[in-house]
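What follows draws every value from the coordinates through simple rules; no lab data is involved. Model, not experiment: these values are computed from the prediction.
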Amino acid sequence: MDSPTLPHIDSARVQLVAQSDRKAPADPDLYPQTGSGPATNHQRIQLRDVEDISLSDNAREKIQTLFRISNERLSLMPQMAAAKKVLGDKVHDPEREKMVLDGAAAKAKALGLDEALVRRFIQGQMDAAKTLQSMTPDDPNEQMSKEQARSQKEELRKRITELTAELLDALKDIEENLYAPPFKAAVATLITQQGSKDPLHYGQLQTIFLNALYPPQ
Ligand SMILES: C=C(O[C@@H]1C=C(C(=O)O)C=C[C@H]1O)C(=O)O
């Protein structure tokens, strides 16, 4: 990536709060418990089952690609929050969200991807993005001028647009496997294992991912 204007995420600035206002997941098979407590029997069984399935390295890589892109997209949000603060802009920008969703729907069509899945998935990514921005604390040492903030926001949006397109390519790559039970179980397990890296903490991102890929009936 060649974007020197995008600063790296500074985790010290992102003191994240543990708060998920999402509903309790419906299906414990797909929505494993997360948190710091010991794994439940259920989780242990599920992990063993997934090993038994011996998910191909290829499938594992594809799922991890999806997480990696999502993480990169989310990692831009503290800088987005900082730019918006300088500009006095709101975290939630419904016009921009409509553009992102419409762009994603158009690309979904071109790829032959299920549009409802794509809209759900990208809306989930945007919800997580807003949560992360709201959790970004003020930086009393922030020196950015409005001019700098405007160009930072613009650069970030360019990158976010690219990453949104990459997310759809990665979704397309797993679409045909998505509803095979072993694959579902593997997604749930890999998401749980990713939990420690969840920038939203305490399973919120896992829940967003799972709800988007496998909406509770
Ligand atoms: C990232 C932004 O903040 C929010 C999140 C968005 C996203 O994840 O694409 C889009 C609009 C905003 O509601 C932004 O304003 O660009």
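Things to note:
- Pairs of alpha carbons in segment 42-213 separated by more than 20 Å make up 55% of all such pairs.
- Over 24 Å apart at the Cα level, from the set Lys84/Lys172; Lys62/Lys153; Lys62/Lys109; Lys109/Lys158; Lys98/Lys130; Lys90/Lys158, are Lys84/Lys172; Lys62/Lys153.
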